[in-house]
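Some notes on the structure that comes next.
Every read-out reported here was derived from the displayed coordinates using simple, explicitly stated rules and does not represent laboratory data. Everything quoted here is computed from the prediction, not taken from an experiment. So basically every Cβ, Gly included, is an ideal-geometry build from the backbone, and we count neighbours across all protein chains shown.
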Amino acid sequence: MEESSKDKRPRFGNRYLENADEVFKHNAWDNVQWDDQQEKIAREKVMQNSEVIFSEECLKDLEDNADKHWDAFYNIHQNRFFKDRHWLFTEFPELAPDNTSAPVRVYPDNKSTPPENELIVTQNNTKRYIFEIGCGVGNTIFPILQYSTDPNLFLYGCDFSSKAIEIMKQNELYDTNRCNVFVLDATATEWNVPFAENSVDIIVLIFVLSAIDPTKMPVVINNIYKHLKPGGLVVFRDYGKYDLAQLRFKKGRCISDNFYARGDNTMVYFFTQEEIATLFKDAGFNEEQNLIDRRLQVNRGKMLTMYRVWIQGKYRKPL
């Protein structure tokens with residue numbers, strides 16, 4: 001029996017909660033607006049969990065052994081956390097394999113549709129390069145490789161964790177003719193990478209900048225600028241201030257304002273739009289997108305609602 005238009009499931013990124021009584025009808029709702037009371041409660045929770053901060057000794061361990069903490073994370077979770085990022089091409093049509101038409105996410109501010117010159121177009125068999133920083137075990141790179149047949153596309157990826165890179169290279173989708181992943185500390189002043197400056201078309205930063213000490217973030221952004229081609233694009237997505245993950249922290253896990261250590265001693269920062277804009281603009285980028293993605297996730301089994309807050313941006317290196 002053919003599915004009617006009324007019964008069809010809304011595409012990812014375009015499902016809106018118009019009737020509060022239907023909140024448990026789906027697993028997630030997009031572009032959920034917060035009222036003043038919800039904002040006030042979130043602010044109070046952050047103030048409470050920020051009252052007690054790490055000692056200097058604990059902070060030194062977090063810094064000195066950061067690579068070990070991430071290796072331990074991937075060693076524990078290597079067979080349990082890989083998920084194909086189904087939303088990838090909806091949020092970032094620039095990454096859509098072979099320039100096929102991807103359903104584009106519509107935001108209230110109408111900033112989701114990229115300019116015509118923003119899409120990657122292969123001309124005259126020109127090679128194009130995508131580089132992901134913090135590639136983990138391939139959550140972004142593998143979907144692109146899996147769905148793309150473009151012989152001119154080559155992907156690079158790096159991660160701070162040697163364990164993550166080891167796991168990724170063992171995946172059956174890893175193909176050295178189409179991609180190259182390696183260990184890199186992205187906070188290093190000089191990058192040791194297998195490509196030249198001004199050579200990359202797109203650099204991907206998805207839930208990775210938040211794992212870096214805020215004082216070192218400008219170094220990362222400046223190196224990104226250095227290695228992108230003129231006209232190249234950065235696509236960014238990360239945790240926003242007052243995200244559920246931030247509100248759940250207990251006292252004693254705070255490092256500094258909006259910066260925390262998880263139970264496994266990996267670190268996470270929660271951004272505001274203004275902070276992201278400043279980071280990229282100070283490095284010389286032009287802003288094409290900077291928005292808050294507020295999503296309501298639903299556990300229908302336990303009848304629970306969970307509010308997520310993410311920041312998404314697109315920044316271009318001037319020609």
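Considering only Cα atoms, the convex hull volume of the stretch 197-276 works out to 97 Å³ per residue.
Annotation: amide H of Gly232 within the under-5 Å range of Lys317, sequence separation 5 or more or interchain, hydrogens built in the peptide plane. Cα-based values for the stretch 229-319, radius of gyration first and Dmax second, are 15.9, 52 Å.
Sorting Thr126, Thr140 from the fewest to the most surrounding beta carbons within 10 angstrom yields Thr126, Thr140.
Taking every C-alpha pair closer than 8 Å and separated by at least 6 residues, the mean separation divided by the residue count of the stretch 134-188 gives a relative contact order of 42 percent.
Of interest is the spacing of the C-alpha centroids, which for the stretch 162-180 and the stretch 192-266 amounts to 22 Å. Amide H to amide H, with H built 1.01 Å from N, Gly157 comes under 5 Å of Glu132, Asn180, Val181, Phe182, counting only residues 5 or more places away or on other chains. Cross-link check: pairs Lys127/Lys216; Lys169/Lys216; Lys226/Lys281; Lys40/Lys314 evaluated at a Cα-Cα cut-off of 21 Å; pairs beyond the cut-off: Lys127/Lys216; Lys169/Lys216; Lys40/Lys314. Using the Karplus relation 6.51 cos²θ - 1.76 cosθ + 1.60 with θ = phi - 60°, the per-residue 3J(HN,Hα) values for the stretch 152-164 come to 8, 9, 10, 10, 10, x, 9, 8, 5, 8, 5, 5, 4 Hz, with x marking Gly and Pro.
Remark on the stretch 145-270: hydrodynamic radius 16.5 angstrom, per the Kirkwood mean of 1/r across alpha carbon pairs.
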